[in-house]
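Worksheet for the structure shown next.
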Amino acid sequence: MNKQQLAQAGEFYDDNFSRARHFCDEMRKLVETLIASEGINIHSVSGRVKERDSFLKKCEKDKYSDVEQITDLVGVRVITYILEDVEKVCKLIENEFTVDDANSVDKSVSLKENEMGYLSVHYILRLSGRRCDLPEHRAYSGMCFEIQIRTLLQHAWAEFSHDKNYKFAGVLDSKTNRSFFITAGALELIDAEFQRISDAISKYEEAVKEKTAEGDLDSIEINSTSLLEYLNGRFKSSKLQKSFNGCDEKIVRELKDFGLNTISDIDAIVPKDLDGHIEKLVDDRRANYLGLLRLVLIIADAEKYFRECWKEHWHRFAKGAADLVRSYGIDLDKLDGEYHFGIEGDQK
């Protein structure tokens, strides 16, 4: 652009900044909502309007003769954990937006097979016709934005290699440059390994489901995955939170300290009528699989649990849990007097 065009670009930026900022916020929220609706696990969604200096610097490039050719004034970035979810997000984006194929690019395709470096999928998008018809989106008809989709490791590489605050940016000597791209290759391999591990876990989950369905519980060792699959099947009508509240290692340790090593061992001590008592726990919004397994152990042998497994990992019985345990004939007050774990509503 010439000087007159650059001056006009500056005026365009100032006149459209507020609208661009609102558009950015709306697109970020829309992308976030779409991803959540599909149940895709991601690290983050962020958005930005290109800074004025950066916008004008881009306008200075010879290939731009009109401000309308700048397609990334508004940008949204999606960061996933694994490569598979990059593909899922890409498919979702292609289905939900109108893609400007001419200006969109998959950076991994542009690299030669013997090159390592910046990997990310960039789309230039516009709202589809049906979305433009919605009252909340009508004002953004015809506007475009860029979306970048990458894994967390790809994002780390991009930040290090492009941020001018780091020594890595710019032209490096050949030896350092080689080391830099070796590191890029290593990150790419780690990304692939994370995907392989994720695939292995998915395969293991399927195997556990099959064995559980067939009643072959003796061969299933106790771990986070097998516990979830078993409990989801055993208490499928329960409204308990299907999590261990971040205490996976503790509950697995407690189960093994109790002498349980397989899912069959757990199944053998679960009271047959426990399902009918679950509603006493559901009233407590904190109730989850972690508490359920601890209650199973306490009902099976309360003295053994507090002697061998408890180790003060937790304190205070919720009222619903205390009532449930007492309904199985457990003298909770006597145990509390010895171990001092506390009971909700206890006036002592």
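The values are calculated or read from the model by the stated rules, or taken from the named source; none is laboratory data. These numbers were taken from a predicted model, which means no experiment stands behind them. Quick reminder, even Gly has a Cβ in these numbers, built from the backbone with ideal geometry, and neighbours come from all protein chains shown.
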Requested in this report: For G276, work out the one condition from (1) surrounded by fewer than 16 Cβ atoms within 10 Å (Cβ to Cβ); (2) within 31 Å of the chain's Cα centre (by Cα); (3) closer than 22 Å to L228 by Cα it doesn't fulfil.
Outcome: (2)
Requested in this report: Scan region 314-335 and report the pairs whose first residue is surrounded by fewer than 15 Cβ atoms within 10 Å (Cβ to Cβ) and whose second residue is at pLDDT 90 or above, with Cβ atoms within less than 6 Å and a gap of 6+ or a chain change.
Outcome: H315/F341; H315/G342; R316/G342; R326/L332
Report summary line: Given the conditions (1) in a helix (DSSP H, G or I); (2) surrounded by fewer than 17 Cβ atoms within 10 Å (Cβ to Cβ), every one holds for F23 apart from (2)
Query raised in the report: Taking region 143-161, which residues are among the aromatic types (F, W, Y) and within 20 Å of R178 (Cβ to Cβ)?
Result: W157, F160
Query raised in the report: Got at least one residue in region 47-70 being surrounded by fewer than 17 Cβ atoms within 10 Å (Cβ to Cβ), under 30 Å from S202 (Cα atoms) and among the hydroxyl-bearing types (S, T, Y)?
Result: no
Report task. Could you grab me the full set of residues in region 303-333 that are among the charged types (D, E, K, R) and assigned to a helix (DSSP H, G or I)? Result -> E303, K304, R307, E308, K319, D323, R326, D333
